[in-house]
Structures are given as C-alpha cells and as structure tokens.
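A quick write-up on the structure given underneath.
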Amino acid sequence: MIEVEGTLKSRLAVWLVVTVSALGVLLLVEAYFSAQRAAERAYDSQLEAAALTIAEAIQWEKGQPVVEIPSAALQILATRHQERVFYAVLDADGHTVSGNLDLGISPDWRRRVSSQPTWLNDSYHGTQWRLYGRELDSAGWETQDPVQIWVGHTMSGRDALTEALFEHAVTRFVVMVLLAGILMLLAMRVALAPMRRLRHQLRQRDADDMRPLEARVPEEMREMAETLDSLFTRQREGREALLRFTADASHQLKTPLAGLQTTSELALKSDSPDAWRQALTEVHGSAGRTSRLASQLLSLARLRHAVEASATSRIDAMSLLHETTFDWAQRDVSQAHDIGLAPLPAAPQYIQGEAWALRELLGNLIDNALRYTPPGSVITLGAVCHAQTLELYIEDDGPGVSPETLEHLHRPFERGGRQDTEGSGLGLAIVDSIVRRHEARMQVESAEKGGLRVRLLFPCLTRHEER
Amino acid sequence: MRLLVIEDDPLIARSLEQALTPLGNTVDVFTHYAQAREALQSGQFDLVLLDLGLPDGNGLTLLAELRQRGDTTPVLILTARDGIEARVEGLDLGADDYLAKPFSLAELEARVRALLRRSQQRVDNRLTFGPLAFDAGSGVATLNETVLDLPRRELRLLESLLLHAGSITPRETLENRLFGFGDVGSNALEVYISRLRKRLDGSGLRIRTFRGLGYRLEEEAS
C-alpha cells in the first residue's frame, strides 16, 4: 500500500521558509536599528554644524553677547522635510539672548552642557525633538562669561532617512530570498533527475522483463536501486520455478491423458464388447489416477507458490488427526484396508500450523499407505508426546522400502522403485513441503512389523504459548 | 423417492441420473440456477444433489434460501472446490453431506442411500437398513419382519448404528448414547457390540470395527 505523504519540494520549501524567516527577522531587526543609527549620526552632525555656525556669529558688546542668527544655520537645521527648528543662545545666567521657542532648557541640562557638548531627546507640545547644546568660551584676550548655544529640530527628517535606509535593506533581502527559492527549485530538479530517469525506465519495462536495472544513480539511491534489482531477481527465479513446475505438471498430465486417448480410440475401432469393457476399465482407472494427479499438483503448487504465508493458528493436533483418519476411513478407497487410530493422549496437543496443509499432509501419507500396501494391510495412525516435540506417526505392515530408496523418497515423481502402483510419486514431495513449512521433521523408517513407519516431529506449543 | 440433481456439467448430470434411477427413484435434472430455484419452490423432493458452481449463480445461495424457508430436505453438495473452508461453509448453511469432485459413483450411491434413509425417517419415523428396521415411535426393532427382543442398551446401540448406517458411527457417540457421559471401561462398548453381532449373524449385515474411530453397520461384502 503506497501512501503519498507530501512532496519533497514542499518539505524542502518548508525547511527553507522556516530557516529563512527566522534568519530574516533577525537580519531585518538589525537592519532597522542600523538604519536608525545611521540617520541619527547624519542629522546629529548637522545639529553640530548649525551650532558652530551660530557660535561664529556671536559678538561681544560691552561684555554682553550679541547674536544675529545667520540664515545658513537655520538652513542647516531645517532639512528638506517639514521640520520645525529651534535655536537659543543663553548667557551665563540662563537668560535667553536670542531664541525662537521657549523650550525650557532646564538648569540640569545647562550644567551638563557646561562640561561637554550634549545631545538630548525631549518632547515639547506632544512632538519629539532632538536637541544639541554646547558652551562657547570667549577666546579673546578679554575674559567673558560663557554662553550656551542650543539648537534642535523635530524628528521627521531622521524618520524619513531611517525609513529609506530600512526599505533598501528589506528590498535587498526579499530579492535574495526569491533568488534562493528559484535556485532551490532548479537544484532540486537537477538532483531528482536520476530518480525521474529510473521511474521512466521502470514504467517502460514490460511486465515480464526481469532483467537487472541499467541506470546511473547517485550514491544515495544506490541502495534503492539494488533492492529493486534483487526484487527483480527473486521474481525472475519465482517465475522460472513456476514455469518449470507448469512444464513438469503438464508433462505429468499429458502422459495419462495420452493413455486415455489411445485406449478409447482403439476401443472405438473394435467391435467386440469384451474389448470395450476392457478399454472402459482401463479408462476408468486412468481417469481416477489423472484426477488424483491433478489435485496433487494443485496442492503442490499451492504450497510452493503461496505468495503470502496464510495465517497459521494454534491447532489441536489430536482432533485434527482424529478427524482426518475418520474421514479417510470412510472413503471408498480405504475399504480393503484396515485403517485405525492407536489410542491417543487424552489431553489436546497443540501445534502451530495451517489446518488445510496438515490435513493434506496426513491425507497424502494415508493415501500413500493405501496405494503401496496390498489389500488387507493394517494401517495405524497415532501420536506420541515427547519433551519438546509432538510425534504423529503412520505405520503399515506392508512390504516396506529398501534402505537405499528411503533416502530419496521425497523427491517429486519418485515412486520408491515401484512402477507397479498407480501413484504419481508426488505424495511425499507434498508431504515434504508441508513438513518444512511447519518447521517439523520427517523420519521414514522400517516399522517393527516390517512395513513402513513415517514419523512427523512437530515443535510442541506449551499450553500458554501463542506465537 | 424423488431426487433433484442440480448440476451444470452435462456428462456428470447424465451419469448421476443413470446411477441414481436404479435405486428406485425419479430423478429430475436441472442445469441452471434459475430453473432449479423454481423447481425447489414448487416440488417436494426427498433429496437434493447440489453443485456449487452453477453458470448463473452460486449453489450456496440456493441452499441458504431453502433452509430459510424451513425446508429440511436433505442436501448433498457436490463441488470441485476441495478447500475445507468451502466445505465448512456448506455444512454451516445446512447441507447434510459434502462430496468433492472427482468422486466414485459407488461412494455417491452410498451417501445418497444414507441420506435417503434419513429422509425416510423424517417421513415415517422408521429407520431401515437392508432387512433391519427400527421404529423410533414404538421402539421396536425387526429383522426380516421378525421382532428382535433386545435389552434396552442393545436397542439404543442398534438405533445409533442404524441412524448412521453405511457410515462410521463415532465411538464417543455410541458411548454417550449407551452409558451417558460418565467414564466407562474401554471395552464396555465392545461387549455390547459383540452381543449385537451375534444377533445379526447370518442376516447379511455386519458391524465393522474401525480401530480407535468407531463402528459401522454395513452389508456383508460379497
């Protein structure tokens, strides 16, 4: 089940947006403050220049300062913006010699200015002002009282400059982010190109094309490409096994069908009822064998090519054994034999497995016993509990099998050196598959009474264990 | 006895008809779901042989419908599907027996006979098998029309065996019927079986032992 969870692009974009906006906020804050500082520096030096211009215009008459404010000083103060300006020249006692606004310079400020030139922020009539004050000592040969020169203006010039500087910074930043985004998209296209190529290649593949991949991929994708390759390999092997099996199976089925065809053809040519009867008997027998073969092939295919392991469950082997034996004892094919069940352990014995496969397993063993022993033989099924394992067994008192043949009995189409019976040789191969599926072991040995004894050893489940 | 065969393969349908007619029956054969459904609604049958894979419907639906109507006519399912799930599903829906294709006609005949016996019992409350008969109403068993004078437990044993005649009666069933659910000795049942065997001696019937499994009342093989 494939679940689509967003796109790589959006994931990268989210990361980019988060980091860029965090960085951006910091950068912009910094840019704002530096713009403010720059504006401040620029205008403060203007205030200083205006104050100096006024200072140069101060004259002394009879020890009293006299000033004619030069218009250049006012020009410097006014700036290009709708600025209100302020100037004042104070004598040593704090009386205004000349001034335009009564801003109320406090004695505290005057004290500060007397030691060094000072910039101040003040609010007057609800407006922010920037003030600059400095003290002028007479530099002549006649000692005079110092005068203080105050100048100031409102902030709109500064604000405008700050805004302009900040705007530039913001514009630069936005352009940079946009460029980075576009570059990221381009980079992603380039980086994802191998993935697109691989996808294209996979899409163009034929359904039965299982050749290894031929693609150039970056290191990061190597693992995925290799996994795909090994998947293809496994599929190829599975398909080959299936083809082999189908070929085997159709060969197996063709033989008895050919027999049916020739027998019936000969009988149709003949006029003798005896020959018909003979042929019909053969046809009947062969049809039975063929249908048994078909069902065996089906279960072998089901066992070998089960794509998903069907659900195993906790099974009481005793009732399964009882059920299966009971079922087989009823059947027509068993009537000439003495099939029975040895006394079973009273308590249920649990094993983990698939019920259908276990029934198939026991059924094949019973079927084999019926086919490879003469009529009247005694076939007994039973169970023995060991410490770690549960043994299910089936034994007969038939002719048995030689020790050499015992070893390769479980190969498909092997009939224990017997060509006289009706078997296909598939029974034990099926049994073998099921045994391996259940992590069990099978032992084929000679029984005490001379026949064959097949023992199946299953791992035991303790009563509380659930796998 | 009237039998209904619902089977879409013409070869199998014909051989079923030929095999079942000599048992003294009329056999109606239908190859399609729709026809079979109509026939089932109108007619009274003693046994239905039902193929599951019909061209125009699923046999199991037919069976479910039949049972929903409260019709208890015995149904024997025939199918090529051998899976245990299909089998359990069929039996759960109320089928009486189940035979997987391919089957031998001899086996089919045996099962049909057993089911017909059950059908017969539904009608007149009598169980018969060959020369042996048991009237469940009066509790009288007869062999060749002669009343068998049997003690209570042997009578019960005979009834149980007759009920399953032709197929194996599980050992546990017999023990429960004879001795209740208490613990019994391992050979207590064997004692009654051998007594009954003596009664049936020479009647052409015998009780065959299936070791560890149960007993079967059957006709003596020729």
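Any read-out appearing in this document is the output of simple, stated calculations on the displayed coordinates, not a laboratory observation. Here the structure is a predicted model, which is why all the values come from computation and not from measurement. All Cβ positions, glycine included, derive from the backbone under ideal geometry; neighbour counts span all protein chains shown.
One table, with the values for the structure above:
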item: Gap separating the Cα centres of region A:253-277 and region B:13-52, nearest whole Å; result: 31
item: Aspartates and glutamates whose Cα lies under 12 Å from that of A:LYS449, excluding same-chain neighbours fewer than 8 positions away; result: A:GLU395, A:ASP396, A:ASP397
item: Mean-position separation - Cα centroids, region A:320-395 and region B:114-166, in angstrom; result: 32
item: Part-to-part distance (alpha-carbon centres) for region A:27-53 and region B:197-214, which is given in Å; result: 123
item: A:GLU68/A:LEU183 FRET efficiency (R0 60 Å; Cβ-Cβ; nearest 0.05); result: 0.40
item: Three principal axis lengths of chain B [C-alpha, angstrom, descending]; result: 54, 36, 35
item: Kyte-Doolittle mean at least -0.5 and Cα axial length at least 18 Å: DSSP H helices in chain A; result: A:8-56, A:156-204, A:273-304, A:317-330, A:355-371
item: Three-way shape call for region A:313-459 based on the alpha-carbon gyration tensor, with the a/c threshold at 1.5; result: prolate
item: Cα shape, region B:65-121, gyration tensor, a/c 1.5 rule; result: oblate
item: Set of lysines with alpha-carbon distance to A:LYS254 below 24 Å, sequence-local pairs under 8 removed; result: A:LYS269, B:LYS101
item: Anisotropy class of region A:222-304 from Cα gyration tensor, a/c 1.5 cut; result: prolate
item: Hz values of 3J(HN,Hα) by residue in region B:43-58 - Karplus curve (6.51, -1.76, 1.60), Gly and Pro given as x; result: x, 9, 10, 8, 7, 10, 9, 10, 8, 7, x, 9, x, 10, x, 9
item: Peptide-level mean, for A:336-346, of C-beta atoms on other protein chains within 10 Å; result: 2
item: Cβ-based exposure ranking for A:PHE33, B:PHE179, A:PHE326, A:PHE458, in which fewest neighbours within 10 Å come first; result: A:PHE33, B:PHE179, A:PHE326, A:PHE458
item: Amide H contacts of B:VAL29 (H built 1.01 Å from N, under 5 Å, at least 5 apart or other chain); result: B:VAL5
item: Rg/Rg_globular for region A:8-163, with Rg_globular taken as 2.2 N^0.38 Å and Rg from C-alpha atoms; result: 1.45
item: B:LEU213 long-range amide H proximity, modeled H, under 5 Å; result: A:LEU341
item: Residues B:ILE77, A:ILE182, sorted so that the one with the fewest Cβ neighbours within 10 Å comes first; result: A:ILE182, B:ILE77
item: Amide H within-cut-off set for A:VAL97, under 5 Å, with H built and near neighbours excluded; result: A:VAL89, A:LEU90, A:ASP91
item: Proxy reagent accessibility, fewest Cβ within 10 Å first, across A:VAL384, B:VAL75; result: A:VAL384, B:VAL75
item: Computed lengthening from A:ARG236 to A:THR127, 0.36 nm per intervening residue step minus Cα-Cα distance; result: 30.6 nm
item: Shape box of the protein assembly as shown [Cα atoms, principal axes, largest first, Å]; result: 171, 62, 59
